[in-house]
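Please read the structure below before turning to the comments.
The values are calculated or read from the model by the stated rules, or taken from the named source; none is laboratory data. Quick caveat, the model's predicted, so the values are computed rather than measured. FYI the Cβ positions are ideal-geometry reconstructions off the backbone, even for glycines, and counts take in every protein chain you see. When the accessible area is computed, the model is the full protein with side chains, heavy atoms only, and any ligands, DNA or RNA have been set aside. Shrake-Rupley method; radii C 1.70, N 1.55, O 1.52, S 1.80 Å.
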Amino acid sequence: MSHIVNQILGELTSLAQRINPEELDAMATLLYDTHKNGGRIFLAGAGRSGCVVKAFTNRLMHCGLTVYLLGDITTPPIKEGDILFALSGSGMTTQLINYANKSISCGAKVATITLQKEGTIGKMASAMVVLPGTTRFNDDTGTVSIQPIGNCFEQLAWLTCDGIVILLKEKLGLTNEDLIHHHANLE
């Protein structure tokens, strides 16, 4: 079993080396600037990407940012100065495209992590991190994996979001103790 886990880690390491660090910094900078200017971050993802988005939303909240997970009944309206962050491997998820269009019409910016720079969401984005890999809809990138369908994308997206949090934490001058201050205490 450990050889399978090592093979998965090898795949992710190889893919991670192809991520553009300038895109990561641009994403962290957009989140930082939005926070410093009083803006809020609205986050969305569908399916397993939605699970990654939930974790990212949680960590951004730990950094002291005002964040909302779309679909929650307490989510307020998006407005100018805010960001919609959409995680979509294909960049073509209908629900996320609708969110992006509405966000832009309200004066908000769009940010995304995707496999498809030329996807609909990518074309709308002010900041984008393009990941190498495949989804269940796209396997023509030359990426070969032992994993089923979109696993590599979701795993790499999770790690990428964690990397963005580390960059953001540095920009904000936060320590781990600062993040713990925002951690849930009703557990």
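Here is how the numbers come out for the structure above:
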| item | result |
| --- | --- |
| Average projected area [Cα convex hull, the chain], square nanometres | 11.4 |
| Theoretical FRET efficiency, 1/(1+(r/R0)^6), r = Cβ-Cβ of residue 25 and residue 187, R0 45 Å, to 0.05 | 0.85 |
| Contact order relative to length of the chain, as percent, for alpha carbon pairs under 8 angstrom and 6 or more apart | 26 |
| Table column - 3J(HN,Hα) (Hz), the range 119-129, Karplus curve with 6.51, -1.76, 1.60, x for Gly and Pro | x, 4, 5, x, 5, 8, 7, 7, 9, 8, 10 |
| For the chain: accessible area per residue (Å², 1.4 Å) | 53 |
| Estimated FRET transfer efficiency when R0 is 30 angstrom, pair residue 146-residue 118 (beta carbons, to 0.05) | 0.60 |
| Gain upon complete extension [residue 72, residue 176; 0.36 nm per residue less C-alpha separation] | 34.7 nm |
| Whole-percent carbon and sulfur share, accessible surface of the chain, 1.4 Å | 54 |
| Loop GluC sites (Glu not before Pro), the range 1-93, which have at most 12 other Cβ atoms in a 10 Å radius of their Cβ (DSSP) | 80 |
| Angle in degrees between helix 21-36 and the longest Cα principal axis of the chain, rounded to the nearest 10 | 20 |
| Computed helical MRE - 222 nm, the chain, DSSP H runs ≥ 4 contributing -39500 (n - 2.57), nearest 500 | -15500 deg cm²/dmol |
| Relative contact order [Cα under 8 Å, 6+ residues apart], the range 82-135, whole percent | 39 |
